[in-house]
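Before any comments, here is the structure.
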Amino acid sequence: MRRDVSSELIEKLDVERVSEILEIPLHRITGAIQRKTLQYVRGKQEFFRFDKPISGIEGGTCIFLDPFEIVRGFPKIPRALILHPGILAHFSSCKTVAVEEKMNGYNVRIALIGDEIAGITRGGLVCPYTTEKAKELVGSDLLHEHPDLMICGEMVGPDSPYVPKSIYDIESLEFFVFDIREKLTGKPMPVMKRRKLVDEYGLNSVRLFGEYEVEKAHTEVARIIQDFGSSLNEGVVIKDPEMVLTPVKYTSSMSNCQDLRYAFEYYNDYGRDFFFPRVCREAFQAVEWNETEEKLKERCQRLGESILLPMIKTINKKKDGGRITETVQIRVRDLNTAREFQEHLRLLGVDAIFQEPELTEYGYLVRIQKKYHSTDDKTESILNGDLWA
Ligand code: ATP
Ligand code: MG
């Protein structure tokens, strides 16, 4: 039975053509379809998505069938844990590096599929809400004139169903471009050329802090991060101006701790994965910045509080008979988008309750309650006396 489904999909995809274009051996593609690493998705458009990287093709890469289009996934960005000599070692072949703000929202690729704009999220799904926002915030001028390109950027703001943030003074949702790439090859445009093109089309770019000599960049980045002070700006992405070398990210302690607060409110869903890497980042940053005893105490306290306080809040909430949920919101012009988004979340396996839409100045506001079953069930069972197995 499984073989039948796979062979039907293999026929649908035209694997020979894909193998030739992406330079992946044929058997790797058919194998990936059989293992469901290359998955068929049927929404408004029919396409295949790479759930994981295969033979150098990024996870999140999409292959649309009608018309046939390939949109490459957004590559992973490695992280520096220490700035010196981390930056110097990675960018040794560059004279300078461009330092841009790392904005905290969700990653979106916007591309034309035939004549239609698609807003694609990191994992390689066309999100109906993101697509509506892409049409509204970005439009199709740049892409119609350069149909071989995709615009990569961060969707940021409170009306975000994935990563809602109110730290940027954004009323609803805005899009900030951080890359323009060839959609078929993923080849990026040099930083300044990209920023100029984005400007010409009246779009927003992420903030550029400056272009610095590689030898001095670590001091500049440390200063930028320290200047964030207690604000929750996430960090920076350090880039080869030519975009030949892969960029490197570096984040602030405040934003690390903010992530931990979130993760430990839903501790059994996210806690484990978030915890270890962030503790490591804190330790290396503390050593690199050679902190005084007082600063170190502050850091330890901040870290501890970000873990324990939200978890205690969750346990108390459950003890008082509450449910462990997160409320996010979207704002749509067309109520059909909200319906399609509800279906999209179901596809993602998110259990969510959509509230009645409220008409606002900027469209319909729809609140969405996401349920965190794992944290909810675990907390309840322990409060009822179950042992931690
Ligand atoms: P990874 O990219 O390593 O898979 P991740 O999904 O956990 O990691 P982050 O830790 O948030 O993501 O870091 C990378 C992401 O940062 C990018 O995918 C992009 O969405 C986002 N980002 C925000 N600002 C920028 C910027 N200026 N340049 C590049 N990426 C940026
Ligand atoms: Mg992010």
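The values are calculated or read from the model by the stated rules, or taken from the named source; none is laboratory data. Because the structure is predicted, anything quoted here is derived from the model rather than measured. Note that each Cβ is placed from the backbone with ideal geometry, even for glycine, and that neighbours are counted across all protein chains shown.
Does Ile29 meet the test of being more than 16 Å from ligand 2 (Cβ to nearest atom) and either of a type in the set (Gly, Ala, Ser) or assigned to a loop (DSSP other than H, G, I, E, B) (or both)? It is false that Ile29 is more than 16 Å from ligand 2 (Cβ to nearest atom) and either of a type in the set (Gly, Ala, Ser) or assigned to a loop (DSSP other than H, G, I, E, B) (or both).
State yes or no: is Tyr201 aromatic (Phe, Trp, Tyr) and more than 16 Å from ligand 1 (Cβ to nearest atom)?
It is true that Tyr201 is aromatic (Phe, Trp, Tyr) and more than 16 Å from ligand 1 (Cβ to nearest atom).
Counted as qualifying within segment 273-389 are the helices (runs of 4 or more DSSP H) with 1 or more residues that are more than 30 Å from Ala134 (Cβ to Cβ), namely 293-319, 373-383.
Listed residues Met189, Met243; which is closer than 23 Å to Leu83 by Cβ, within 14 Å of ligand 1 (Cβ to nearest atom) and either in contact (Cβ under 8 Å) with a residue 24 or more places away in the chain or basic (Lys, Arg) (or both)? Before you say what the answer is, go through the steps one by one.
Numbers: Met189 fails: closer than 23 Å to Leu83 by Cβ.
Checking each option against the conditions leaves just Met243.
For segment 344-359, a tally of residues being within 17 Å of Asp334 (Cα to Cα) and either touching a Cys at 6+ places or on another chain (Cβ under 7 Å) or at pLDDT below 95 (or both) returns 1.
For Thr246, the criteria (1) away from ligand 2 (no atom under 16 Å from the Cβ); (2) β-branched (Val, Ile, Thr); (3) out of contact with any helix residue (DSSP H, G or I) (no Cβ under 9 Å at 6 or more places or on another chain) hold in every case but one, which is (3). Here is the figure for segment 190-212: residues that are in contact with a Lys or Arg (Cβ under 7 Å, 6 or more places away or on another chain) and of a type outside the set (Val, Ile, Thr) total 2. The C-beta contact set for segment 195-212 (first residue surrounded by 17 or more Cβ atoms within 10 Å (Cβ to Cβ), second residue among the hydroxyl-bearing types (Ser, Thr, Tyr), distance under 9 angstrom, 6+ apart or interchain) comprises Arg195/Ser205; Val198/Ser205; Tyr212/Thr96; Tyr212/Thr219. Against the test of being more than 29 Å from Arg272 (Cβ to Cβ), outside the structural domain of Asn268 (by TED's automatic domain parsing) and surrounded by fewer than 17 Cβ atoms within 10 Å (Cβ to Cβ), the options Asp377, Asp351, Asp334, Asp386 yield a single qualifying residue, Asp334.
Taking segment 147-160 only, how many residues are within 15 Å of ligand 2 (Cβ to nearest atom) and either on the phi > 0 side of the Ramachandran plot or part of a loop (DSSP other than H, G, I, E, B) (or both)? Before you say what the answer is, go through the steps one by one.
Taking segment 147-160 as the starting set, the residues that turn out to be within 15 Å of ligand 2 (Cβ to nearest atom) are 152-157, 160.
Okay, now just the ones that are also either on the phi > 0 side of the Ramachandran plot or part of a loop (DSSP other than H, G, I, E, B) (or both), so 157, 160.
The qualifying residues number 2.
So that you can scan it fast, the table gives a plain yes or no per residue for (1) within 13 Å of ligand 1 (Cβ to nearest atom); (2) farther than 30 Å from Arg333 by Cα; (3) outside the structural domain of Val206 (by TED's automatic domain parsing); (4) in contact with a helix residue (DSSP H, G or I) (Cβ under 8 Å, 6 or more places away or on another chain):
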{"position": "Ala89", "(1), (2), (3), (4)": "no, yes, no, no"}
{"position": "Asn107", "(1), (2), (3), (4)": "yes, no, no, no"}
{"position": "Ile117", "(1), (2), (3), (4)": "no, no, no, yes"}
{"position": "Ala134", "(1), (2), (3), (4)": "no, no, no, no"}
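When we screen Ser93, Ser160 for residues that are at pLDDT 95 or above, among the polar types (S, T, N, Q) and surrounded by fewer than 21 Cβ atoms within 10 Å (Cβ to Cβ), the only hit is Ser93.
Of all the listed residues (Phe274, Phe228), the sole one being more than 30 Å from Lys370 (Cα to Cα), modelled with pLDDT of 95 or more and among the aromatic types (Phe, Trp, Tyr) is Phe228. Filtering Lys183, Lys102 for residues that are within 13 Å of ligand 1 (Cβ to nearest atom) and in contact (Cβ under 8 Å) with a residue 60 or more places away in the chain leaves a single hit, Lys102.
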